[in-house]
Amino acid sequence: MKTDVSAVILAGGKGRRMGGRNKALLEWGGETLLARQIRICAPWADEIIVVSRDAEVARIASRFPPARVVPDPAGYEGEGPLAGLAAGASCASGAFVWLVACDQPHISAEAASLLLQRMRESGTGAPDAAPQAALPKLDGRLQPFHGIYRREAALEAAEHLLRQGRRKMTDLLERLTYVCLDAEEFARRGIVQAFTADVDTPEDYRILKNTPNV
């Protein structure tokens, strides 16, 4: 069934806190994190866009025909996730973008589907006031990664911020209207909170790999 969603996987980070390793290439259950994410995204998203300039990332993605690789926008190479979002959204064909960081091993299509459902339901009364994003809010914190965004609104906001020299995802959220779903709402659908967990450091990697997959 067509969802009108483009999954955008940000895989261009330098992994400074991981000793310079690209986290997309970390091993997870006999495959790379990138391969795992593409496999999870493929049954639900209409297309998968991997944002990276890493040759090994491109080689792995080439083994999965649903995925294609695009670089950061010219002039914004290595400028962080906001530039990656702009790159992915500018190439996407879907009306919505499912934004994923490459270091999230437990991403969930079920969680993404619930976020999309809430966004669509919230926009049925007054189209002009329809939210431009739907975000998990877990442990009292908004999670911009694993969020669903209206492609055109997110692209316009990201490009505007980049021109101003602003690079933070929190800056993006200040320019968008959004709805939030908390842990209880996900739990009622049998979706556990771990879907936003990420790997920032070698210790995070060790702990998450030794935590039962949920």
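Remarks
The rows are residues; the columns are (1) in contact with a Cys (Cβ under 7 Å, 6 or more places away or on another chain); (2) open to solvent by 50 Å² or more (accessible area, probe 1.4 Å); (3) farther than 24 Å from Gln143 by Cα.
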position	(1), (2), (3)
Ile48	yes, no, no
Ala55	no, yes, yes
Ile60	no, no, yes
Pro65	no, yes, yes
Ser113	no, no, no
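- Filter result for Asp198 (closer than 19 Å to Gln37 by Cβ and in contact (Cβ under 8 Å) with a residue 24 or more places away in the chain): yes
- Residue within segment 72-80 that is among the small types (Gly, Ala, Ser) and in contact with a Ser or Thr (Cβ under 7 Å, 6 or more places away or on another chain) present: no
- Restricting attention to segment 183-200, the residues that are under 20 Å from Gly29 (Cβ atoms), surrounded by fewer than 16 Cβ atoms within 10 Å (Cβ to Cβ) and at pLDDT 90 or above add up to 0.
- Scanning segment 51-79 for residues that are within 17 Å of Met169 (Cβ to Cβ) and modelled with pLDDT of 90 or more yields a single hit, Val51.
- Filtering segment 1-21 to residues that are without any contact (Cβ under 8 Å) to a residue 60 or more places away in the chain and open to solvent by 20 Å² or more (accessible area, probe 1.4 Å) leaves Met1, Lys2, Arg16, Gly20, Arg21.
The values are calculated or read from the model by the stated rules, or taken from the named source; none is laboratory data. These figures come from a predicted structure and were not determined experimentally. Every residue, glycine as well, gets a Cβ built from its backbone with ideal geometry; the counts of neighbours run over all protein chains shown. We work out accessible area using only protein heavy atoms, side chains counted, and drop any ligands, DNA or RNA first. Shrake-Rupley method; radii C 1.70, N 1.55, O 1.52, S 1.80 Å.
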